[in-house]
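In what follows, a structure is listed as structure tokens, so that the remarks can point back to it.
No lab work stands behind these numbers, since they all come straight from the coordinates. The structure presented is a predicted model; accordingly, all values stated were derived computationally and were not measured. In this analysis, Cβ positions are derived from the backbone assuming ideal geometry, glycine residues included, and neighbour counts consider all displayed protein chains.
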Amino acid sequence: MWPAGSLEKKVQCLVSIGTGIQSLGQFGDSLIGIGESLKKIATETEKTAEQFARDKMMLHKDGRYYRFNVSCGLADIGLEEAKRKNEIAAATDLYIESQEVHKQLKACAMSMLGSSNDVRVYNVMDQFRAVARSMSNLEIQHSKEAGLRAVLRMHSSPVNAIAYSPDMKTIASGSVDGSLKIWEIGTEKLVREWNDGTGPVNAIAFSPDGKVLGTGSAGSIGRLTNIQSGNTHELQHVGSVNSIAFSIDGLFAVTGSSDKTVKMWSVKTGFLHRLLEGNTRAVRAVTFAERSTILSGGDDYTVRIWNSESGMVAREPLLRCSSGVTTIAYSPSTKATVVGCDNGKIRLCMNATSVKMAEWTEVGGHTGAVTAVAFSMEGQNIVSASIDGKVKLWYAGVGVLSLVKELKAHKGPVTSVAFSPDDKTVASASSDKTVKLWEI
């Protein structure tokens, strides 16, 4: 396929990447065994690579040709065997971290850059490693788990929070190690990651226009980050920031903290707009209900409704539970509110923000604490998550929760769930370090 002539004179750097060196084993005595071995030889690309290196020796001598191929651990793994991705990842990691390959990577990076600048060289080497590892960090659904479309595995610590962007182009995730990642939906590729150094990420949310990412951390700081520019506003508390949400118009963000306070912030300036006090213990969940209404819940076993304009509690309390309130969601479409609790109960109210006495229905949703609840866009369905490792889909169109589907979603506690804006997919995050996307 290499054309005749002097093309090699125009090549600055050529990189060849293999798929692992195959083990041919014994030919055997049968015609079938001999045929299989000959087939392996015919498809063994390492021989082709070696022949190319001999034919284009000048590229190799000049440091313009590099071949990378995992030498051990992939001998018996075929290209189609995605289910053995953990073995592929381990063998790849071992290969790229070896001393000899490290030298090759550095030389290749210098050749590509035409420079020996250490910072630039090591940036390119990091990209090499990311590409190599990403080959085994995406698992597209061919699994026994019904409805599972993709598994995102780039986190090295438990994942605490996830959120879809309103345009459904990306999904964001935050981890115990403080890392934040943004993934492209459809390809499920990791497109951006960073760590702001404020500690474990507890909460994450997109603004309604998708331009700002709100986060809450165990380090007593929330952040509003402009995704395009990277500019941030710090939202200061004196305790862990456990929850964050945006107003429907996107002008304000609200945070709930272990310091027993709820705070309302200007998204544009990051300035504190309103301090809401009255909770007697840690606030674990907050959300906007209407433009001037905020709901909060926490370890004092109550759900409170606040007037954001006056900073006063509108009704005291909206709900008293028999255990801590861990999560709250509100549907603008149906005006319904759903609450999850430490005791595994889920409670639904169709009129929580009206002047009438709130009427709640209750189901024993999970066998462990409920960690997250979310409404579908049209408000007819609810998804819940729990430390029991399950994700459950509920129908709530008539004010009564009816179980539609149950997923044994993760090997560890499920920490967060979210509906996609088109209501076709649910994302779940877990302490097992994965994010999973489910078709519903």
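Numbers at a glance
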{"item": "Across LYS211/LYS390; LYS103/LYS411; LYS268/LYS345; LYS106/LYS181; LYS263/LYS405; LYS211/LYS436, pairs whose alpha-carbon gap is larger than 29 Å", "result": "LYS211/LYS390; LYS103/LYS411; LYS268/LYS345; LYS263/LYS405"}
{"item": "Distance between the range 336-354 and the range 148-176 - C-alpha centres, whole angstrom", "result": "25 Å"}
{"item": "FRET E, pair SER16, ASN195, Förster distance 22 Å, beta-carbon r, rounded to 0.05", "result": "0.05"}
{"item": "Within-12-Å neighbourhood charge of VAL267 [Cβ basis; K, R +1; D, E -1]", "result": "+1"}
{"item": "Approximate spin-label separation THR187-MET58, in nm, with each point projected 7 Å along Cα-to-Cβ", "result": "3.6 nm"}
{"item": "Extension reserve of the SER322-MET168 stretch, reckoned as 0.36 nm per residue once the Cα distance is removed", "result": "51.7 nm"}
{"item": "Rough spin-label spacing in nm, given labels placed 7 Å along Cα→Cβ, for ARG281 and GLU378", "result": "3.9 nm"}
{"item": "Calculated FRET value between LYS335 and LYS103, using beta carbons and R₀ = 45 Å, to 0.05", "result": "0.10"}
{"item": "Nearest-0.05 FRET efficiency for ASN69 and LYS268, computed from C-beta distance (R0 41 Å)", "result": "0.20"}
